[in-house]
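Report on one structure; see the data block that follows.
What follows is calculated from the coordinates using simple rules that are stated; it is not laboratory data. Worth saying up front: this structure is predicted, and the values here are computed from it rather than measured. For neighbour counting, all protein chains shown are included, and Cβ atoms are generated from backbone atoms with ideal geometry for every residue, glycine included.
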Amino acid sequence: MVIDPSTEKGARVAARLRDEIVAWLVTVAPDGTPVPTPVWFLWDGETLLVYSQPEKPKLRNIAANPSVAVALRTDALGDDLVVITGEAAVDASAPVALELPRYIEKYAEEIARLGSNPDEFSAGYSVPIRIRPTRLRA
């Protein structure tokens, strides 16, 4: 287990993954350029689930190279670092966002702030990406 919530560090990281709203998903473009993109996510204790709009560069990047990094914000001094590296793939078996009450609850205010609702959000961000952590820096 990459993130062990029974340890002090693992518990802190798990809490941040549960509570943080935005993470930076870094994919790799075909020319090798790292491509950071802010994303919303849901941590289930083992994997991160991200929803994407179809035809986005991150999807093409993941299809070509599934190695990714996910970074959470640090404090003003660069402390409280959380960077997860892992493997990402489109997960056709994942439910749509609307069918995940924890996801909709976590992002209800943000979805509304965008002038949307859970139905519209789920229809627009219809491609689930599952990220399996392989390494943690914290």
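Tell me, what is the percent relative contact order of the chain, built from C-alpha pairs under 8 Å that lie six or more residues apart?
On the way: 240 pairs, mean separation 38.8, N = 138.
Relative contact order, the chain: 28 percent.
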Check: Gap in Å between the Cα centre of the range 74-138 and the Cα centre of the range 1-40?
Finding: 10
Check: Rounded to two decimals, what ratio of Rg to Rh does the range 73-138 give with C-alpha atoms and a Kirkwood Rh?
Finding: 1.07
Notebook entry, point to check: Taking +1 at the Cβ of each Lys and Arg and -1 at the Cβ of each Asp and Glu, which of Pro57, Ala97, Pro34 sits farthest along the dipole of the chain towards its positive end, judged by Cα position relative to the Cα centre?
Noted result: Pro34
Note to self: Please compute the modelled spin-label separation between Ile21 and Gln53, points set 7 Å along Cα→Cβ, answer in nm with one decimal.
What the structure shows: 2.0
Notebook entry, point to check: How big is the Cα convex hull of the chain in projection, averaged over all directions, in nm²?
Noted result: 8.7
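What's the extension gain from Glu87 to Ala63 if we count 0.36 nm per residue and subtract their Cα-Cα distance? Before the final figure, lay out each step's value.
Numbers: separation 24, 0.36 × 24 = 8.64 nm, distance 1.08 nm.
Full-extension gain reported as 7.6 nm.
Could you calculate the contour length gain from Thr37 to Asn117, that is, 0.36 nm times the residue separation minus the distance between their Cα atoms, to one decimal place in nm? Before the final figure, lay out each step's value.
Numbers: separation 80, 0.36 × 80 = 28.80 nm, distance 2.23 nm.
Contour length minus Cα-Cα distance gives 26.6 nm.
Pull out the extension gain between Ala11 and Asp80, defined as 0.36 nm times the separation in residues minus the alpha carbon to alpha carbon distance; nm, one decimal. Don't skip to the answer; put the middle values down first.
Values: separation 69, 0.36 × 69 = 24.84 nm, distance 1.30 nm.
Roughly 23.5 nm would be gained on extension.
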Next item on the list: Using label points projected 7 Å from each Cα along Cα→Cβ, tell me how many nm separate Ala138 and Asp4, to one decimal.
Entry: 1.2
Notebook entry, point to check: Based on DSSP H runs of at least 4 residues, each adding -39500 (n - 2.57), what is the mean residue ellipticity at 222 nm of the chain after dividing by all its residues, to the nearest 500 deg cm²/dmol?
Noted result: -8500 deg cm²/dmol
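Evaluate the charge dipole of the range 8-137 about its Cα centre and quote only its size in Debye, nearest 20, assuming +1 on the Cβ of each Lys and Arg and -1 on the Cβ of each Asp and Glu. Walk me through the numbers on the way to the answer.
Numbers: 15 positive and 18 negative charges, 71 e Å.
Once rounded to the nearest 20, the dipole reads 340 debye.
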